[in-house]
Amino acid sequence: MRKNIFIKKTELFLPLLVFVFAHIVGLFRASDVGYALERVISIVIYFILYILVVNLVKDEKTGKRMFVVLMLVTSGLAVFGIVQYFRGETLFSPDMGKFGSFDIAGQPVIRVIGVFRNPNAFAYTYVLVIPLTVGFFLIQKKRLYQCVLLALLGICTICLLLTFSRSAFLAVWISLFFILAVLKRSQKAMIAMGFLGISILLYAVSPDLFHILQFRVTSTSFDISIQERMALIGGGIETFSINPLIGSGTGNAPMILGKYAYRFIREAHNNLIVVLVETGLLGFVPFILIFIIFTKKMLHAMSKTSDRDSKIILVAILSSIWGYFINGLFHTSIAYGLWWFILGSGIAAADIIERYNQGNLTPLKQ
């Protein structure tokens, strides 16, 4: 591989590098070395993925093609999830359903998991991809392309609903509201989004009010309550005060925070808390800076472009990343590769616009 592929270092390179380094440091304090090593290896690989995307996406056409492939693949996964729902089985080995997604209260396949181990992880995909699909829909001029994207969007939305990930519903709603607000869409669209937000709130607070097709989605008795999530946050802050600089060790959050919530399962259910507990300020500060610097970069690129389509794509990417951030306040998704990929794609897209304004690129026609 050519050396010059890796020479481009953007504004996110340093905070991402420090973030990865913080997890490597935490590896030496890990209670479960195998689990922690798996986490570190995943994060290192995703960091490399970010670098590759930033360096290989050199023009708008390449970036758009990558997003098209992403939308097609995730739509295919959505079809698989929908089939999984109607068949009433995982279509994999039984241990894929250990999260409790199946046979709750005697009901078959109540929350689909796709190819993941729990439905919330499956929902992360659509939190990130649905805003991008909406962005591509808004820039299309041909009716055929609009219809295809609308179909893909519908399939992904149905699959998202079948995951019953309420935090994902909230995140997608905020992302879409952001897109409409920034692009100054019609008042009717904004009112419709308002009603959608109210429906999501009701659905999240009392899921028994709503039903998806012939199956009841789930029972609130199986959910980790708001009180327990608050207890996890309090426990995380307390734990952080003990080891504020480098944290308590990579992968240790489930074990440490388990005593703060009796129905606690697997994770801290909050990206900020898990980073704070496991890596301390060494990992937490760069993690926050990632979102701040990314937002600043995207907004700067939006202000510099006069091309409507480029601006819409930038808005969609930014809303996708912030949707992921919102969703991360309720679930742990640090070692999830797609957000690293979209981070790299967004930085690459913003960099392309900056180079174009400097006269180093020629505009691309659709």
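Below, the figures for the structure above:
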| quantity | calculated |
| --- | --- |
| Cβ pairs under 6 Å, 6+ apart, first in the range 109-128 and closer than 20 Å to residue 317 by Cα, second open to solvent by less than 10 Å² (accessible area, probe 1.4 Å) and among the β-branched types (Val, Ile, Thr) | 122/113; 122/163; 123/163; 125/74; 128/342 |
| Verdict on residue 264 being crowded, with 19+ Cβ neighbours inside 10 Å, under 24 Å from residue 321 (Cβ atoms) and either at pLDDT below 65 or under 21 Å from the mean Cα position of the chain (by Cα) (or both) | no |
| Pairs, first touching a residue at least 40 places away in the same chain (Cβ under 8 Å) in the range 23-48, second open to solvent by 60 Å² or more (accessible area, probe 1.4 Å), C-beta under 7 Å, six or more apart | 25/246; 26/246; 27/37; 31/255; 40/24 |
| Out of 137, 99, 80, sole residue that is modelled with pLDDT under 80, farther than 26 Å from residue 52 by Cβ, of a type outside the set (Asp, Glu) and open to solvent by 20 Å² or more (accessible area, probe 1.4 Å) | 99 |
| Every residue from the range 140-166 that is closer than 17 Å to residue 72 by Cβ, of a type outside the set (A, V, I, L, M, F, W, C) and open to solvent by less than 70 Å² (accessible area, probe 1.4 Å) | 140, 146, 154, 157 |
| Qualifying residue in the range 280-287 (condition: touching a helix residue (DSSP H, G or I) at 6+ places or on another chain (Cβ under 8 Å), open to solvent by less than 10 Å² (accessible area, probe 1.4 Å), of a type in the set (A, V, I, L, M) and touching a residue at least 12 places away in the same chain (Cβ under 8 Å)) | no |
| The range 43-77, subset among the hydroxyl-bearing types (Ser, Thr, Tyr) and open to solvent by 30 Å² or more (accessible area, probe 1.4 Å), residue modelled with the lowest pLDDT | 62 |
| Matching entry among 272, 329 (being surrounded by fewer than 20 Cβ atoms within 10 Å (Cβ to Cβ), over 25 Å from residue 53 (Cβ atoms) and among the aliphatic types (A, V, I, L, M)) | 329 |
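The values are calculated or read from the model by the stated rules, or taken from the named source; none is laboratory data. Every value quoted in this text rests on a predicted model; they were computed, and no experiment measured them. Please note: Cβ atoms are built from the backbone with ideal geometry, for glycine as well, and neighbour counts cover all protein chains shown. The area values use the complete protein model at the heavy-atom level, side chains included, leaving out ligands, DNA and RNA. Shrake-Rupley method; radii C 1.70, N 1.55, O 1.52, S 1.80 Å.
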